[in-house]
Ligand SMILES: [Ca+2]
């Protein structure tokens, strides 16, 4: 944006603000001025401006894509896309739930830092998103499809909505050019129709699949429950298999939609100029998945295609955090990430240049949904640090048992509860799923124990790595101004 346009815009905003609360408006005004300065600086840079299309599936673990070595699941479009781009084996979201994970994707910061751990909170305007920053430098920007989840809960009670309205807390419609929720493909096409010619665009396109409830007829040729290989931490019952097959079906349906997204881009002649990123917003609502800090909760599929810029078919096992996407997008579009962004750009990795990877990624678990804290499904507090080989989970509410997120009411879960009571589950599965309390700390060797069965905490051989990971988590929590008690207490 040119300086004269910036002044006019700021002036008109100032006039509009006079009707509102002065202090609140002053904060917002200063925030917008800083955004304008950022934009003016950015505009002065000579840069390339590719389009950016971030496509999110909902509740999707890395293990559930053909390209990640899954021979059962039908994901032909994602598999072909992986061959054209780069596959990330170890991409971790910042939280195992929609809202905080998406807040990190948007801001390049942890959900703790941007005060989004209570789940259905609206993301404050003081935290700038990558889309806003691109908008300020001339992009046409939007969010579309399934809820982007950052304007508070859609089913909030009237008391909450009144607070949102009085304080203008639902902000995305004014922050972006296009902010809608609904039919993903229809809105995607509408967004592309509206994007002005000659102006680059950036869009976060969200899909509902494979979020529960799972449809019985998602695809014409459903997966056969009997033929699926179950992960090692799954109980093997007909009910579990049926549910798992329907979850696969929804992923296959998403795969079909993803194919249409790519076709549309090609049809419009945009494929060559567009970075397309596919990612799961958090892990599957399955055993030890969504809502937990285990691998199935945090390790999501991440595929990136950027024609002419990255080597087709590349694969990496570098640690990537959900916080890293925003700074990567900004750099790819010629902008500098904000200094407060803790995410690290992996642009060099995409370009095949020398890249110093992360030693650790961190994630957090807080409230889920908007309900009262009746169990660890609606409310849990935990943190995790994940290194190249080992990870350490900190269960701050260790006294409470595991409770699945989004499927505690399903018949297959109720049947498992009964089997546990009757002593019909294996001791390992009974311990993993139905222990009356959890350990405060869990340490896993992901190389020798990828299913996270054996907690190594307190083991003398692993004392050094336990100390290292606790210290790394301690540092992260201090620097993020985390409100939880630190994992290393004072020496007695
Ligand atoms: Ca989700």
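The values are calculated or read from the model by the stated rules, or taken from the named source; none is laboratory data. Please read all numbers here as calculations on a predicted model, not as lab measurements. Quick reminder, even Gly has a Cβ in these numbers, built from the backbone with ideal geometry, and neighbours come from all protein chains shown.
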Looking at this structure, is residue 345 within 16 Å of the ligand (Cβ to nearest atom) and either assigned by TED's automatic domain parsing to the domain that holds residue 59 or not in a strand (DSSP E or B) (or both)? no
If residue 247 passes every condition in (1) within 16 Å of the ligand (Cβ to nearest atom); (2) closer than 18 Å to residue 303 by Cβ but one, which one does it miss? (2)
For the structure I just gave you, tell me whether residue 81 is part of a strand (DSSP E or B) and either at pLDDT 95 or above or farther than 22 Å from residue 176 by Cα (or both). no
One residue from 345, 377 being touching a helix residue (DSSP H, G or I) at 6+ places or on another chain (Cβ under 6 Å) and at negative phi: 345
Taking the stretch 323-342 and keeping only residues that are outside any loop (DSSP other than H, G, I, E, B) and farther than 22 Å from residue 62 by Cβ, one is left with 330, 331, 332
In this structure, is residue 371 away from the ligand (no atom under 16 Å from the Cβ), modelled with pLDDT under 95 and out of contact with any helix residue (DSSP H, G or I) (no Cβ under 7 Å at 6 or more places or on another chain)? yes
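On the given criteria, is residue 468 surrounded by fewer than 16 Cβ atoms within 10 Å (Cβ to Cβ) and not assigned by TED's automatic domain parsing to the domain that holds residue 94?
Answer is no for this residue.
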From the set of residues in the stretch 55-101 that are out of contact with any helix residue (DSSP H, G or I) (no Cβ under 6 Å at 6 or more places or on another chain) and within 12 Å of the ligand (Cβ to nearest atom), which is nearest to residue 378 (Cα to Cα)? 97
Among the residues of the stretch 277-317, how many are away from the ligand (no atom under 16 Å from the Cβ) and in contact with a strand residue (DSSP E or B) (Cβ under 7 Å, 6 or more places away or on another chain)? 10
When you scan the stretch 106-114, do you find a residue that is within 16 Å of the ligand (Cβ to nearest atom) and either assigned by TED's automatic domain parsing to the domain that holds residue 213 or touching a strand residue (DSSP E or B) at 6+ places or on another chain (Cβ under 7 Å) (or both), even just one? yes
In the stretch 322-360, how many residues are in contact with a strand residue (DSSP E or B) (Cβ under 8 Å, 6 or more places away or on another chain) and touching a residue at least 24 places away in the same chain (Cβ under 8 Å)? 12
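Rundown of residues vs (1) within 16 Å of the ligand (Cβ to nearest atom); (2) within 20 Å of the chain's Cα centre (by Cα); (3) touching a residue at least 12 places away in the same chain (Cβ under 8 Å), yes/no style:
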site	(1), (2), (3)
167	no, no, yes
182	no, yes, yes
185	no, no, yes
189	no, no, yes
193	no, no, no
212	yes, yes, yes
220	no, no, no
231	no, no, yes
234	no, no, yes
The lone exception for residue 449 - which of (1) under 30 Å from residue 317 (Cα atoms); (2) surrounded by 12 or more Cβ atoms within 10 Å (Cβ to Cβ); (3) in contact (Cβ under 8 Å) with a residue 60 or more places away in the chain it fails: (3)
Would you mind telling me which numbered condition in (1) out of contact with any helix residue (DSSP H, G or I) (no Cβ under 9 Å at 6 or more places or on another chain); (2) closer than 16 Å to residue 132 by Cα; (3) part of a loop (DSSP other than H, G, I, E, B) residue 170 fails? (1)
